[in-house]
1. Rounded to the nearest 500, what is the chain's calculated 222 nm mean residue ellipticity when only DSSP H runs of at least 4 contribute -39500 (n - 2.57) each, over all residues?
2. Sort segment 180-246 into rounded, prolate or oblate with this rule: let a ≥ b ≥ c be the square roots of the eigenvalues of the Cα gyration tensor; rounded if a/c is under 1.5, and if a/c is not under 1.5, prolate when a/b is larger than b/c, oblate otherwise.
3. Does the chain come out rounded, prolate or oblate by the C-alpha gyration tensor, with a ≥ b ≥ c the root eigenvalues, rounded set by a/c under 1.5 and, if not, prolate when a/b is larger than b/c and oblate if not?
4. Return the long-range amide H neighbours of Gly276 (sequence gap of 5 or more, or a different chain), with a cut-off of under 5 Å between placed amide H atoms.
5. Would you mind calculating the relative contact order of the chain from Cα pairs under 8 angstrom and at least 6 residues apart, reporting the percent as a whole number?
6. List the aspartates and glutamates whose Cα lies under 19 Å from the Cα of Lys345, skipping any in the same chain that are fewer than 8 positions away.
7. Using only Cα atoms, locate the centre of segment 192-266 and the centre of segment 408-429, then give the distance between them in Å, rounded to an integer.
8. Does anything in segment 98-139 have its amide N under 16 Å from the 7 Å Cα→Cβ label point of Ser173, and if so which residues?
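The values are calculated or read from the model by the stated rules, or taken from the named source; none is laboratory data. These numbers were taken from a predicted model, which means no experiment stands behind them. Neighbour counts are summed over all protein chains in view; Cβ atoms, including those assigned to glycine, are modelled from backbone coordinates with ideal geometry. Calculation scope for accessible area: heavy atoms of the full protein, side chains included, ligands and nucleic acids excluded. Shrake-Rupley method; radii C 1.70, N 1.55, O 1.52, S 1.80 Å.
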Amino acid sequence: MTFSRSDELFSEAVKYMPGGVNSPVRAYRAVGRTPVFIRRADGAYLFDEDGNRYIDYVGSWGPAILGHNNPVVKDAILAALENGLSFGAATEAELTMAKLLQSAVPSLEMVRMVNSGTEATMSALRVARGFTGRDKIIKFSGCYHGHADGLLVKAGSGLLSGASPDSAGVSASVAACTLVADFNSTDSVAALFERNRGEIAAVIVEPVAANMGVVPPEKGFLEGLRGICTREGALLVFDEVITGFRLGFGGAQELFGIRPDLSCFGKIIGAGLPVGAYGGRRDVMETVSPLGPVYQAGTLSGNPIAMAAGIAQLSYLREHPELYPAMEKEAARLFRGLAEIMQKKDAACTVNSIASIGSLFFTRGRVRDFSSALTSDTKRYAGYFSYMLDRGVYQAPAQFEALFVSAAHTAREIDQTLELAETFAAGGS
Ligand code: KE4
């Protein structure tokens, strides 16, 4: 494979955009190489500017659950284009989307469309603070909820104190309102409530963590969070930006049978166009402007083209429920196969997976939270990433991300991927 056109584009892009990209992970700094520039995508494949073809396991970080360039989604967008791009006014499509979301996720008694997952979580937490009159929130180390200031934090010096900024530009006072607990540890959450009684507005969690790599919840964890929040008068917020419509049509809350007070969505509900949503209990959402005192707004919220794309994708998923078990069968074969292949070579490889997402961690033993994820050998992951990319398999360019299998991935793509992984394990390094 040659990457000369991508390299040319990148050397120019870095002059105009920080790191040459519009989102940091795309710069491939975590895997120590320059990024490929993608020209187009189709089904399970990406095609870069040098004409290289890749089996794609990123799927735009989740939206492309039907595969790229799905004709049903594309036709819906083309039809919507005939009517114009954006009106900044109420449209029927937004009502259709709201009803579709609520039919899939009954806890969404009311919902508000926004333009990204970040906007969804940022707004949901503002609503939680407005509804409860409390300032503090709890998040989990290793979970990512977008780049709102209060969520770019790391655990404070003592686990029981307020967090400290994890990004320049986040003020200490904002970070101090965020408390950081350990994923899969309800004890760490209970201890924070003990120490901050009556001050915590919400607990926000990825019900399946996918931003430290994929880490499913252990039995009792989500139920424990539900119980603590109910007892303490705090809101339980499920960040389903990745898990929503991914773990099944009803997302994580249907799979695990937990009813959060608020939920956040993104990615799949826009089918690749910029869409986010937050919603939940009617009494909570009635605090949102123009009904109530919590302000939130957006020029392109509920954009007609984005709604058309999201409605088409979600409707197709609803009308073809057989896609989920089919996707998950291929995904299970992929992740089981990768684990067997890597562990045959040496045991320092753990694979976590659930439904159609998963991650390889080059470490020994279980990965059940951020500290165990951090024991991974990221250099070894970088070597694996490059070996596979150079041979036509496109995966997350960072250890602490997820691999996504779509409905467009067939046995052929899974077999080819596993054959390549075999050659990596046999001789690659
Ligand atoms: P966006 O603002 O990027 O649409 O969504 C933020 C977000 C919120 N919640 C969860 C669980 C998420 O995974 C994300 C964003 N996911 C990353 C992938 N790890 C997006 C990729 C990127 O940042 O470029």
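1. On the way: 14 runs with 161 residues, N = 429.
Dividing the helical sum by the residues of the chain leaves -11500 deg cm²/dmol.
2. On the way: a/c = 2.07, a/b = 1.71, b/c = 1.21.
The shape class here is prolate.
3. Working: a/c = 1.59, a/b = 1.21, b/c = 1.31.
Oblate, since a/c reaches 1.5 and b/c is not below a/b.
4. Excluding prolines and chain starts, which carry no amide H, the hits are Val114, Asn115, Ser116.
5. Details: 876 pairs, mean separation 92.4, N = 429.
Relative CO of the chain lands at 22 percent.
6. Qualifying aspartates and glutamates at Cα under 19 Å: Asp377, Asp415, Glu419, Glu422.
7. A separation of 34 Å, based on Cα centres.
8. Under 16 Å, as judged by backbone N against the label point of Ser173, lie 135-136 of segment 98-139.
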